[in-house]
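A short write-up of the structure that comes next.
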Amino acid sequence: MTKDIATPTRTKEILKKYGFTFKKSLGQNFLIDTNILNRIVDHAELTDETGAIEIGPGIGALTEQLAKRAKKVLAFEIDQRLLPILADTLSPYPHAKVIHQDVLKANLKETLAQEFEGIEDLMVVANLPYYVTTPILMKLLEEQIPVRGIVVMLQKEVADRIAAKPGTKDYGSLSIAIQYYTEAETVMVVPKTVFNPQPNVDSAVIRLIRRNEPAVKVENDAFFFKVVRASFGQRRKTILNNLVNNLPNGKANKAAIEQALSEASVDPKRRGETLSIEEFGKLSDELGKSFA
């Protein structure tokens, strides 16, 4: 019986065997605590009929735990140096497959349809490289990848922003973008000490369960997100000021913006972070009459 990859000793052995050195530019921090990994996998609620998608498998610590519970695991790894290591560490798990590809450039719908043919239940479970967390999450959500949900480890500060509620300092355009598509909650905080090398920041695991319908029905998705981003342009400014300054032709159409705020029952003196997703939905539909 092979020992779990995610122990300090085994991780050290594997790195030494292959002379592997960490690349800071790829945000490589490997987990060395099997209990933490098991808890992450628990939150994904996998069954032996689930297909698990991993991004950035490293030396296979999380991949191994996923393979013990899922029907099939597909991992995307960008660092070519890790491929022979993964071929070795994952050899006991023939149903775990590694693709050497940047997930941000992948045609995910096509790849997943091929790799998970006949598997209905898909989950993304990953310890994401912190420098590309947001683009990866937005790709998964905007491209409507057919997954039940996403359980990922990321920087705690980003997790706080994703799960934030209106009226809090962490609430912003990222909170709205992710909560528009999913129900988001932080399920655990992870200390720096369980990584090799230790990152400079604390981490957290967030669970995103895809909604059947977006959180609010709007006339135009793209314009809705444009309004949200404009509203948070400068956090200390009122929503009226932000919309005037950040919407295309906002200055020339100040009267139309004031009219839309009034129709949507939003006080122009409020700040963006006090508006709920529903209020942003109403406001974007009203503004769309003049701008979209």
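Remarks
- Selection status of residue 218, part of a loop (DSSP other than H, G, I, E, B) and touching a Ser or Thr at 6+ places or on another chain (Cβ under 8 Å): yes
- The number of residues in segment 234-252 being closer than 13 Å to residue 173 by Cβ and surrounded by fewer than 17 Cβ atoms within 10 Å (Cβ to Cβ) comes to 2.
- Residue in segment 274-281 that is out of contact with any Phe, Trp or Tyr (no Cβ under 8 Å at 6 or more places or on another chain), more than 27 Å from residue 125 (Cβ to Cβ) and open to solvent by 70 Å² or more (accessible area, probe 1.4 Å) present: yes
- Applying the criterion of being of a type outside the set (D, E, K, R) and out of contact with any Ser or Thr (no Cβ under 6 Å at 6 or more places or on another chain) to the residues of segment 60-72, the residue that is farthest from residue 154 (Cα to Cα) is 67.
- One residue stands out in segment 282-292 among those that are of a type in the set (A, V, I, L, M, F, W, C) and open to solvent by 40 Å² or more (accessible area, probe 1.4 Å): the one that is modelled with the lowest pLDDT, namely 292.
- Conditions (1) part of a loop (DSSP other than H, G, I, E, B); (2) in contact (Cβ under 8 Å) with a residue 12 or more places away in the chain; (3) touching a helix residue (DSSP H, G or I) at 6+ places or on another chain (Cβ under 9 Å); number of the one not met by residue 249: (3)
- Test: residue in segment 186-193 that is open to solvent by 60 Å² or more (accessible area, probe 1.4 Å) and more than 30 Å from residue 38 (Cα to Cα): no
- Some residue of segment 77-88 being touching a Phe, Trp or Tyr at 6+ places or on another chain (Cβ under 7 Å) and within 22 Å of residue 207 (Cα to Cα): no
- Summed over segment 180-195, the residues that are touching a helix residue (DSSP H, G or I) at 6+ places or on another chain (Cβ under 6 Å) and of a type in the set (S, T, N, Q) give a count of 1.
- Helices (runs of 4 or more DSSP H) completely within segment 7-73 that count 3 or more residues being open to solvent by less than 40 Å² (accessible area, probe 1.4 Å) and touching a strand residue (DSSP E or B) at 6+ places or on another chain (Cβ under 8 Å): 34-44, 61-67
- Summed over segment 253-292, the residues that are in contact (Cβ under 8 Å) with a residue 40 or more places away in the chain, under 22 Å from residue 175 (Cβ atoms) and not in a helix (DSSP H, G or I) give a count of 2.
The values are calculated or read from the model by the stated rules, or taken from the named source; none is laboratory data. Since the structure is predicted, the reported quantities are computational estimates derived from the model, not experimental observations. When we count neighbours, we look across all protein chains shown, and the Cβ atoms used for this are built from the backbone with ideal geometry, even at glycine. Keep in mind that these areas ignore ligands, DNA and RNA; they rest on the heavy atoms of the full protein, side chains included. Shrake-Rupley method; radii C 1.70, N 1.55, O 1.52, S 1.80 Å.
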